[in-house]
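Notes follow once the structure below has been shown.
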Amino acid sequence: MDRATSFLTALIDSLSRPEALLLSHERVEENAEQEARELARHLLQGHLDLRARRVEAELSSLDTDGRVGLAAGCTRLEKGHRRQLPTVVGPVTVTQCALRARGLPNCYPADQAPPGSRQRPLPG
């Protein structure tokens, strides 16, 4: 979330400068819309980074039996899998842990919605 905070502070600073007061209303509105989208992207990225750290900590605390329960047969934990995710506010990077086992496809527990949840899994 540090990037989002820094970005917001810089945005407020730029809108407060004397040069900004000389811009037309339309130009300020266009800039504000564009910068708001970028702020939303930074906020989303910060949230995804926090989520990734939480999931990594949870999976790291599980023993082999706990990992098997999540991913039928996959017990080896690999950290730091990354992929780009296009969103309506721009691309973000999703960092995940994979549970692996020889001969089986990777399992990404963070992609699986909890039972009874209405949450959509992240697109793969």
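The values are calculated or read from the model by the stated rules, or taken from the named source; none is laboratory data. All figures in this text were calculated on a predicted structure; none of them were measured in a lab. When we count neighbours, we look across all protein chains shown, and the Cβ atoms used for this are built from the backbone with ideal geometry, even at glycine. When the accessible area is computed, the model is the full protein with side chains, heavy atoms only, and any ligands, DNA or RNA have been set aside. Shrake-Rupley method; radii C 1.70, N 1.55, O 1.52, S 1.80 Å.
Tabulated values for the structure
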quantity	calculated
Residue tally, condition over 17 Å from Arg41 (Cβ atoms), surrounded by 11 or more Cβ atoms within 10 Å (Cβ to Cβ) and charged (D, E, K, R), over region 1-29	2
Filter result for Val68 (modelled with pLDDT of 85 or more and either surrounded by fewer than 16 Cβ atoms within 10 Å (Cβ to Cβ) or more than 15 Å from the chain's Cα centre (by Cα) (or both))	no
Subset tally (residues that are assigned to a strand (DSSP E or B) and touching an Asp or Glu at 6+ places or on another chain (Cβ under 8 Å)) for region 64-97	4
Failed criterion for Gln45 (all others in (1) surrounded by 16 or more Cβ atoms within 10 Å (Cβ to Cβ); (2) closer than 20 Å to Gln112 by Cβ hold)	(2)
Selection status of Asp49, closer than 25 Å to Arg3 by Cβ, part of a helix (DSSP H, G or I) and of a type in the set (Asp, Glu)	yes
Among the residues listed as Arg102, Arg54, the single one being of a type outside the set (Ser, Thr, Tyr), in a loop (DSSP other than H, G, I, E, B) and open to solvent by 80 Å² or more (accessible area, probe 1.4 Å)	Arg102
From the options Leu23, Leu44, residue that is of a type in the set (A, V, I, L, M, F, W, C) and either part of a helix (DSSP H, G or I) or touching a strand residue (DSSP E or B) at 6+ places or on another chain (Cβ under 9 Å) (or both)	Leu44
Every residue from region 71-99 that is of a type in the set (Lys, Arg) and either under 25 Å from Gly46 (Cβ atoms) or open to solvent by less than 50 Å² (accessible area, probe 1.4 Å) (or both)	Lys79, Arg82, Arg83
Conditions (1) surrounded by fewer than 13 Cβ atoms within 10 Å (Cβ to Cβ); (2) in contact (Cβ under 8 Å) with a residue 12 or more places away in the chain; (3) not in a helix (DSSP H, G or I); number of the one not met by Ser60	(3)
